[in-house]
Amino acid sequence: MEGERSFFSWKYGHNFEFLSTKDFNIKVRCTLCVGEKVLSTFKNTTSNLKKHLESQHGTVKLTERVPPSGPKQRAVTSAEGPTPPKQQKLDFGAKPVSDEELKKLVAQYIVEEMLPINTVDLPLFRAIIKKIPTSVNAKLPHRTTFTSYLEKEFTEMERNLKAALNEIDFVSTTADIWTANNRSYMGVTLHWISRTTLERHKVALACWRIRGRHTYDVIGTEIKNIHSSYGLLNKVVATVTDNGSNFVKAFQVYHPVTESDDETEEEESTPKDDDVTFSDLSEILSAENESDGQLSLPPHRRCASHTINIICTRDVEKHLTTNAESRAVYRSSTAKCTALWTKSSRSTLASETVEEISKRKLLIPTSTRWNSFFDAVKRIAEIPMGELNTVCTKLGLKCFKDQEYQFLHEYCMAMKPLTAALDILQGDCPYGTLLPTLEVLMHKNIDYLLTAECCTTAPLAKSPASVPSATTSSSQGEMDFFTFEAEPEEETYSAEKEVMDYLMSGYDLQILHKVSSIKTIFLKYNTPAPSSAPVARLFSLGGLVLTPKRNRLSDRRFEKLLLMRLLFFNKKYLC
């Protein structure tokens, strides 16, 4: 029994439960492993058990056996073997959670997962919280007290944001109106560039309830009040919205008047020769009343993504009206795609049939996402024509013809640069991204048209020399577009030299710290976002908070929960 006694006298022997002994081996079970983990080791060595502890429980803080005080006692043995000593509890070094930490963790969970506040009163939820080791007197409050805690946190968050905005010179906003559950809300997001790090920052500023009609005067007043509530009236360099007529008219009527505007108006109002100008008296009086209210909005920027999408849509319609052959193929192919989308979205059996045959799910286009139609068509075009027609046959739909299937592929090739440009403009990028993106988009479209024309006339070409070389010269021009000749260095300050140094720096924005004049211009004109997509993302989260089951949620409570979802416990906006 000497081997057994040496095993249980080992300092880590209490982490194993003795099972049996045979000849020179001992079988034990590891009490740290989940399940029945039986190990075998020699009586006179513990190397195998040491390797197990190092490989499987290397991150566990093991405690050594505490030798008994007083005279040494003999191990009690039985017919089956010695009785192992009592196992000690492992100390993982976990600190108890304080009362403030507990409330903060639960608040973050409620806000992040957009759960009802009365979740804290659910018996099962409170039973789970009780399992968390807490300090003395730490207790999760009930709904009423917890709501007061959220109110306090929101007030502190709002105060910190206003303090941070006091240190910023230039900001921009995006605005839009969202309607859900028979309620309308004005959403506004804020954007700026850090003067020290030159990084872009954004926050959700407001989501106010709007009652009544969405007229231009109501929109102008709401935007002005939201800007005023955060002290931004003289800091907003531009507000980005979509092309809605009510938004456009609001900024046309309430745009800030400058000296150049006054001169232009005087020139336009001066009659030429014998021309007679008639004016509507009611419009003049209403304009005077509006000017008396001193309501002035910042400069307006239309959403570039929305504008490009409208232009492309109208161009496609214009092309279809003048080309009967293209119109017929376009309408027949899109009609068959629409039939597939409708069938798979309304029938689980149809959706399972599509997934079983094509090994993929169809995407359903939505009107709110401008790229969704392209993504949906692309998904259909990725299905081989044989499998696609098999799906159509099983669903009782018309099959695609070769010309229609080829049209889908050509549509995806032609629209791919456009969708890439829209993705770029809808990202978190400065306004200076707009022109380079449009320039590249134009070049890619020209290259595609040249390629298509070459493919059409290829049988008539006698040699490669007959193929137009505009693509090569175009790409060479792009390479040399931002290349300038080296200027002689001057010791004295020169505005021209400062501009040249900035343009020659390429993508290195740190040069702005050396050219203070250009840095100010850069911050002012690059602060706006080229798209109003950020405020649309705000409304996407709003739909998860303002659900039909929470229709009793007050407007102010809804706004606080939504803004906290984007900012709560996130101090990065203070940078």
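Taking amide H atoms as placed 1.01 Å from N in the peptide plane, the amide H of S184 lies under 5 Å from those of I210, each 5 or more residues away in sequence or on another chain.
Residues whose amide H comes within less than 5 Å of that of A238, counting only those at least five positions distant or on another chain, are T173 (H built at 1.01 Å from N in the peptide plane). Under 5 Å from the amide H of V97 lie the amide H atoms of T134, S135, each residue being 5 or more positions distant or on a separate chain, with H modelled from the backbone and absent for Pro and chain starts. Taking a Cβ cut-off of under 11 Å around D428, the surrounding Lys, Arg, Asp and Glu residues balance to a net charge of +2, with basic ones at +1 and acidic ones at -1.
3J(HN,Hα) along the range 22-31: 8, 6, 9, 10, 10, 9, 10, 10, 6, 7 Hz, from the Karplus curve 6.51 cos²θ - 1.76 cosθ + 1.60 with θ = phi - 60°, whole Hz, x for Gly and Pro. Couplings 3J(HN,Hα) for the range 130-140, derived from phi with the Karplus relation 6.51 cos²θ - 1.76 cosθ + 1.60 (θ = phi - 60°), are 5, 6, 7, x, 10, 6, 5, 6, 7, 8, 6 Hz, where x marks Gly and Pro. So how strong a dipole does the range 306-455 carry about its Cα centre when Lys and Arg Cβ are +1 and Asp and Glu Cβ are -1, to the nearest 20 debye? I would put it at about 580 debye. In order along the range 162-171, phi translates into HN-Hα couplings of 5, 5, 5, 6, 5, 8, 9, 8, 10, 9 Hz, rounded to whole numbers, per the Karplus curve 6.51 cos²θ - 1.76 cosθ + 1.60 with θ = phi - 60° and x for Gly and Pro. Taking 31 Å as the limit for the C-alpha separation, the pairs K416/K560; K152/K549; K22/K51; K416/K514; K336/K359; K202/K519 exceed it in the case of K416/K560; K416/K514.
The residues packed around L362, meaning those with a beta-carbon under 10 Å from its beta-carbon, carry a net charge of +3 if Lys and Arg are +1 and Asp and Glu are -1. For the pair the range 501-539 and the range 176-202, the centres of their Cα atoms are 18 angstrom apart.
A simple count of charges around H306, restricted to other residues whose Cβ falls under 13 Å of its Cβ and scoring Lys, Arg +1 and Asp, Glu -1, yields +2.
A crude spin-label estimate for the pair L233 and A328, with each label 7 Å from Cα along the Cβ direction, gives 6.4 nm.
Every number in this text was worked out from the coordinates using simple rules, so none of it is lab data. Here the structure is a predicted model, which is why all the values come from computation and not from measurement. Heads up, the Cβs are rebuilt from the backbone with ideal geometry, glycines too, and the neighbour counts pull from every protein chain shown.
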